[in-house]
Each structure stands twice: as C-alpha cells, then as structure tokens.
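Below is one structure, written out as structure tokens, with a few remarks after it.
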Amino acid sequence: MVNLNRNSNETAATEAEPSSGQVQTAQPSALLVPGAEPPLERRAAEQVHRHESAAGLYSIYETVKRGVVEMGAGNAFRTLLKVNQTDGFDCPSCAWPDPDRDRKPAEFCENGAKAVASEATKERILPEFFAKHSISELLEQSDRWYEQQGRLTHPMWRPAGSDRYQPIEWDAAFTLIARKLNALASPNEAAFYTSGRASNEAAFLYGLFARQLGTNNLPDCSNLCHESSGAGLNEAIGIGKATVKIEDFSYADAIFVIGQNPGTCHPRMLSELQKAARNGCKIVSINPLAETGLIRFKNPQEPLSLLGPGTPIASLFLPVRINGDVALLKGIMKEMLEADVRSRGRVLAHDFIREQTEGFEALRADLESADWDEIVESSGCSRELIEQAADIAIRAEHMICCWAMGITQHKNGVANVQTIANFALLRAQIGRRGAGLCPVRGHSNVQGDRTVGIWEKMSDEFLTKLGKEFDFSPPKAHGLDAVRTIQAMASGQLKVFIALGGNFLAATPDTQHTARAIQRCELTVQISTKLNRGHLITGQEALILPCLGRTEEDLQATGAQFVTMENTTGVVHQSRGVLPPASKHLRSEPAIVAGMAQKTLAGRTKTDWAGLVSDYDRIREHIEHVVPGFAQYNRRVRDPGGFYLPNGPREGKFTTRSGKAKFTVHPIPRHDLRPGELMLTTLRSHDQFNTTIYGENDRYRGIANGRRVLFINARDIAERGLESGSLVDLISRVGDESRKAERFKLVAYDIPLGCVAAYYPETNVLVPLQNVADRSNQPAFKSIPIRLEPSPAALAVPAPVSA
Ligand code: SF4
C-alpha cells in the first residue's frame, strides 16, 4: 500500500488498479497498522473567522513570523530586502512583474516571503535523514511535513529494488544518467520536464541537451497552466503572452479579472488594482467565488491604510457558474452589439475591426442569434449584472482583461481564451496604452523557459537556428507534452524521466495513475531544492540532485554569476542570489544540466559545456543568436530592471499569418450534469504555492488546520439532506470513468448553485488523464462532474471554532 496524496495530517491515498467503470479510490488514511489511526488523522478542518480584506497587518505578521522562524532574524532582514530588487534576486514564487521604475525597499508580498523563507530555511536534510527514514516510512508523511524538513544537501541515489536513498557523488550520478540515456533504444524514450523555477540559462542548456541527445520530449509546467492561453492567443493575435506592460494598469478605465484570484496567486497585483481603483478604474471580477483579495485590500506599503477598512477593489462581481465564462462574455458582447446598433455604430471600433481583424461577421451573427435564456442559465448571472458589465466595457476607453487557470483548465480552455480576445477586439482594446490582454503566469520563469526553447513543439525556425549555432541537427518531430509523457510512461514507452525542478506527481492529474506510470520508468531524476512526494514515487532507480536556490550565490570558474528570468509582461531581468549556499555539495541548475550533457554526449557534442557554465554570459550570447528579441542581451539585462521583449500586438501589429487579429466563434459549452451531480473546480489555499503546501490555513476562506474541505452552496447541502460540517466522499465522473476522493468536510459557502470547489492537489485524483482541453491538451482540472456520498468514515468532527 502506497500513500500518494497526503497533503495534510489527514490525507493519504491507497493504490487501486483502475479499470473502466470501476471507482478508483484515493483514501485519506492508509494505515500502516489497521485500526491504529493516530489521533491527528481523525481531525477535520475547522471553520474560522474569514478575513474580509486581503493583506493588511496580518499579512505583515505572517511575513515576519515566517521569515524569522525559517531564516533567523538577521538572514530574514538581509534576504527579504533583496527580493525583486534590481541588484537582488527574483521572487521564486509567481511571475507578477516588478515596477519598471522606483522600486520600494520591500518589493514582495506575504506569499513571496513564504517562498523565500521556504528556500532560505535553516533546516537541512543530510544523508543521515535518508539513512534514518526508508522511502516507505517517508511516504506516510504529509506534503507539509516534507516542506518543513529543509533543504536537500547532497546528491542521493535510490538503487533499483532498494527502499532507501543513499549518498552518491556528482560524477557517479552523471555517469549513471549517461549510462541509462545512452542505453535507450531511442532518445525519445527519455523526457525532460521543466518547472517554472528554472532560469533562462538553465532552461536553454536543458533544451539544448535534450535536442543534442535527439528528442523534443520537453514537457513543462506551462503544459499544465497556460497552454490554452498560448494556443488561443497565438491564433487570435499572433503571440501567446500578455500584451500589456505593468504601467498600463495605471491608465486603464476598466480591468476585467476573469477566473483568477490575485489575492492568493499573484498578491502584488492587488497594489496595481488598488492604484487603478483609486484612479476611478472599474474593476470587474468574474469568478464562481467572491475572493477576498478582490473585495478589499489593505496595502502593507501604506501604514495608514492598515488601520482602516481597506480599499474596495472590485466595482462589480459576477458570480459566474463554473465554466460559464463563454456564456457570460457572449452576453456582455451581445449587449455591446445591441448598444452599438442603438448608438448607430458608436460603441464598437468599426475602423479597427474592418482594417485589422477578420472573422467579425461570423461573430456578429453568432451573438445576434445567441439566446438570452441560455446565456443567463449557462453563466448563472442575471441579465442585469451582464448589462452592468457591458456598460463598464462600453464606457472604458482603455480596458485590460486578465485571467488565470479558472479560464484555461477546462475542456474548452482555448475557446475561453479566444472569447476573451473577441471581447477585447470589439473595442480595439489591444495595442494601446492602458489596454490589452494579460494571462497571468503562476511561476516566476514559466514564460521565460518557453521563450528560450522549452516546448515539445518549438518552431522549425528555432530548431534550425539552434542547430546552426551549435553545429548539430536537432530533431524536428514534435515531442511529448506533460499529459503525453504520463501516457508514454504508463505504456512503457518512456524509460527515463528527468525533472528540472517541480513536483510532477502533484502537479498532474490522475494521481494514482500517474504514480503507477512514473513507477514504470527505469530511472527518474529530480533536480530539486526541497523534498517532495515526487522523490518518493520514483522509477526503478532514482536520483535526487540538489541545486542552488534563487536566494543563493552562484560561484563559477570566472566568478559570481547571475541568471535571468522573464515575467508575465515579457520583461527579462537578472536575478542574483545573496546567501551562501545551503550546502557545499549543491550545484547550480546550469552546472547540473551541463554535467549531465557532458557525460552523456561525450564524443558526440561540439558544445563546450564546461565553458558555458564557467561564465553565464556565454550562454546568454548563444540565446541572443538563437531567440529573437534578445539583441545585446548581456548589456541590456544589466540595465536596472532589464528589458522588454518585442511584442507585436502590444505595439499594434498582429503577428498572425494574415497580419490581422482573428475573431473566433465558440459555442456555449454544455455540461449535461446528471441528477444530483455538482461541478467541481479545484483551487489553491492561501497557505500554498502551486504544489507547495506551507500550512493548513486559508484565512481568506475561513479555514484552519486542514485542507480536505468542499466549498458548497448551503442549498445544495440541504437538498442532499446533509449539513455544513458533514463528511462526504467525492466521486467524479468523466465519460464512463469514476474516481473517488474520501472524507471532505462540507463548508457552506457563497458559491453558485450546482458548483463546488476544493483544494488541489488533493482533488487531482478525481481528474482522469484524458480529460484535457481541446487543442491545447492541457488537463481540465476546473470542470469535473462529481456526486457526493456520505463518508462511511465515522470520524469525530470538532465543533466550529468561533471568530
Ligand atoms: S506577487 Fe508574486 S512575484 Fe511578487 S512578491 Fe508576491 S509571490 Fe513574489
């Protein structure tokens, strides 16, 4: 029995063989000794006072507490004052941009501080830790416990058949990797995964290594978060990235925040929204849950505002049904179209539409024929609310649309993105100051990694240039994305899996299936700073290669190095660590990649891998030659704040094949829930960064000491004869397949009828691998039909704690 998914004191899972029509179970408690469930396992999450404004004094308290406890007072002060500074290091958490000018001494949020504290912790995992704990024992611990154990310090090897890791020297580790890779029948039996932590330099070398080996199997975390944005926007406007600069937020008259929770996922975005709101900008929040960050914000940078009630952020909140966004946006656009007819063409940007777009007539016909009853029913929003949103869009001279995974992680994620693009194009809200589209990235360099070549289907132009630059012939056939990587592992096609950062097991769907797939590999390699469950569910042989973190000095043969990243708005900037490395055995990510490459490709590569690592300027010179937009990279990235990459649509030039922006027509998605079923969306808590669990509280939603909760409308609870606080099992249905996640506590919440929400990765077990977005193949985590069953676990539930 193997625990796969244990993100709290009460969470674990058992392995069950899947078969069509059978319910697969992820149990919350897999016991070593049946019947001897420890008391903590019996504790359910508590409902507590819900904070009504984001950030504020509590956030400062959390920041200081976390920083001092993890790093010590001196280090905390020294380190945090270098986060997001032009001479410091990039926050390892989200990809929200830093101010172009006039940075303040404290340019970070509570979540950034948690990420920094987590990396710069004083705790260490020494080889003795692995001597003491077998892998089976470690699997019984929670993900939060792993996070608390500190930094990995030494390369570790799990020999085939062993239940323990043991130390290994770097050279031996590289030799092992080389032997395995070189023994493959085809380079396509290996995959090279990248998380958004990797720098441009590490990612570029990594892609080069994979391609010199002979494969484009380069799955990345972008496959999981914003692949639908890339696919949708590339087709609609010619670039898969944001078209705004951070300064645009100050000039906007309206900002639509769609399927995004900035208060938890991109907290410093609230400062921009606060500034905008104070300028009179109307902020419209479209989301199934009214998230605290969009209601009120107390800016920690403004001592006086900390004592008051905070700044109201959203002028209008539309509680859209889960995946009701296409319907809602169609409703808003239909209102705009009708207003345009009434005003004799003064609402829509007719000249722009005629000269710079295509496909408008089809969209107009679709909107005209759209049925209001269907729009209201599918969106869950009243006609009055839709009119109000349309009115804001019509009055806005400058409008920005932002979104995140509430939009992309649906079967129709690409359609969602393109419908947002339609909405913006109607009034030419792209390519002008204060206007544009902004898919907000969740991990600090996920966008940069893609820019420098981490993609399973980079263009022929890129591959040709790469081959010319390094004198080799890169493979042209497309490789595997994240979902196809798991499928290839499961079928036995993929034998070696190397992960440059991340927690692939927790980030991907269908946890049980994915775990079994990973276990079929011959070798898995994790390049990591901290322990996670992915180090314990491994191939037959496994390696942990510990690397430097963002906070740490990176000393190479020619001296101290810096690395570079690209944020959400396409600014490439440098990041230079300030702390001594957590262990003398750590290597930088570029050095580890080069070490693997040199050993594996010996005699077959013309690349001077050691030379590149001795001076990262050399890597950047090659990037400059291969990737457009990086001219004078080494000079410009040394300018304080770095430089913007070129962005056609931002500059008013659509870089599609036709040179025009494209309207696309998409139907309103149908869900056909069966009687009694609910639509589940997954979300993250405020004590969490992607798959990293810092704690078990979510003060913005009034949850403490647990994560297995299901946010549900009180009427949906009553209709099922249940009560708030009842424990239920969640049973998902996608096609003919069912999956179960056990023992979630019902929390009555302000969420549309028929919709429920729960935290990931606990609910990833409910999402079958084949449940993906059309055309982007991104897992559809955010619209899962489920039903509830009273949990048979007779567990003590503590009384709710009052405020
Ligand atoms: S907003 Fe994002 S990048 Fe900025 S400090 Fe917070 S977590 Fe870090």
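The values are calculated or read from the model by the stated rules, or taken from the named source; none is laboratory data. Because the structure is predicted, anything quoted here is derived from the model rather than measured. Cβ: placed from backbone, ideal geometry, glycine included. Neighbour counts: every protein chain shown. Please note that ligands, DNA and RNA were not included when accessible areas were found on the heavy atoms of the full protein model with its side chains. Shrake-Rupley method; radii C 1.70, N 1.55, O 1.52, S 1.80 Å.
List of remarks:
- Among 376-385, 253-262, the peptide with the highest mean count of other Cβ atoms within 10 Å heads the list, and the full ranking is 253-262, 376-385.
- Where region 276-327 is the region considered: accessible area per residue in Å², 1.4 Å probe: 36 Å²
- Structure-based [θ]222 nm, the chain - -39500 (n - 2.57) summed over DSSP H runs of at least 4, per residue, nearest 500: -9500 deg cm²/dmol
- Given charges at Cβ of Lys, Arg, Asp, Glu: the chain dipole, positive-most of Gly702, Gly642, Ala339: Gly642
- Across all Cα pairs in region 408-460, the calculated P(r) in 10 Å bins from zero up to the longest distance comes to 20, 33, 42, 6 percent per bin.
- Residues of region 40-109: accessible area per residue with a 1.4 Å probe, Å²: 47 Å²
- Leu126 sits with roughly 80 Å² accessible to a 1.4 Å probe, with DNA, RNA and ligands left out of the calculation.
- Histogrammed with a bin width of 5 Å, the alpha carbon distances of region 690-744 distribute as 4, 14, 20, 21, 21, 13, 6, 1 percent, first bin at zero.
- For region 112-184: rounded, prolate or oblate by the Cα gyration tensor [a/c cutoff 1.5]: prolate
- Selection from Ser685, Ser614, Gln148, by position along the positive dipole direction of the chain (Cβ): Ser614
- Cα gyration tensor shape for the chain, rounded if a/c is under 1.5, else prolate or oblate: rounded
- Here region 457-591 is assigned +1 on the Cβ of each Lys and Arg and -1 on the Cβ of each Asp and Glu. Its dipole about the Cα centre then comes out at about 300 debye.
- Based on the Stokes-Einstein relation at 4 °C and a viscosity of 1.567 mPa s, and on the Kirkwood radius from alpha carbon pairs, region 145-194 is assigned a translational diffusion coefficient of 98 µm²/s.
- Protein heavy-atom surface of region 127-257, 1.4 angstrom probe: 48% of the accessible area is carbon and sulfur, with nucleic acids and ligands not counted.
- Over region 649-719, the hull volume per residue, using the convex hull of the C-alpha atoms, is 221 Å³.
- Sequence-distant contacts, meaning Cα pairs under 8 Å at least 6 residues apart, place the relative contact order of the chain at 23 percent.
- Along principal axes, Cα extents of region 48-113, largest first, whole Å: 41, 27, 18
- Packing-based ranking, highest mean first, of 478-491, 191-204, 428-441 given that Cβ atoms within 10 Å are counted: 191-204, 428-441, 478-491
- Solvent-accessible area of region 626-692 (1.4 angstrom probe, protein heavy atoms only): carbon and sulfur portion equals 51 percent.
- Reachable lysines from Lys275, criterion Cα separation under 21 angstrom, eight or more residues apart if same chain: Lys104, Lys245, Lys298
- Heavy-atom accessible area order for Asp98, Asp615, largest first, 1.4 Å probe: Asp615, Asp98
- The charge dipole of region 562-695, taken about the Cα centre with unit charges on the Cβ atoms of Lys, Arg (+1) and Asp, Glu (-1), comes to about 320 debye, rounded to the nearest 20.
- Cα-centred dipole magnitude for region 72-150, charges only on beta-carbon of K, R (+1) and D, E (-1), debye, nearest 20: 280 debye
- Solvent-accessible area of Ile60 with every protein chain in place, 1.4 Å probe, in Å² to the nearest 10: 60 Å²
- Residues in region 530-625 average 31 Å² of solvent-accessible surface per residue, probe 1.4 Å, ligands and nucleic acids excluded.
- A dipole drawn for region 479-599 from +1 and -1 charges on Cβ atoms has a positive end, and of Ala488, Leu579, Ile537 the residue lying farthest that way is Ile537.
- Of all DSSP bridge pairs formed entirely within the chain, close to 40 percent run antiparallel.
- The heavy atoms of His585 present about 70 square angstrom of accessible area, all protein chains included, probe 1.4 Å.
- Region 328-372 shape via C-alpha gyration tensor axes, a/c threshold 1.5: oblate
- Each part reduced to its alpha carbon centroid, region 246-296 and region 543-566 end up 34 Å apart.
- Long-range tail of P(r) for region 508-634 (Cα pairs > 17 Å, %): 68 percent
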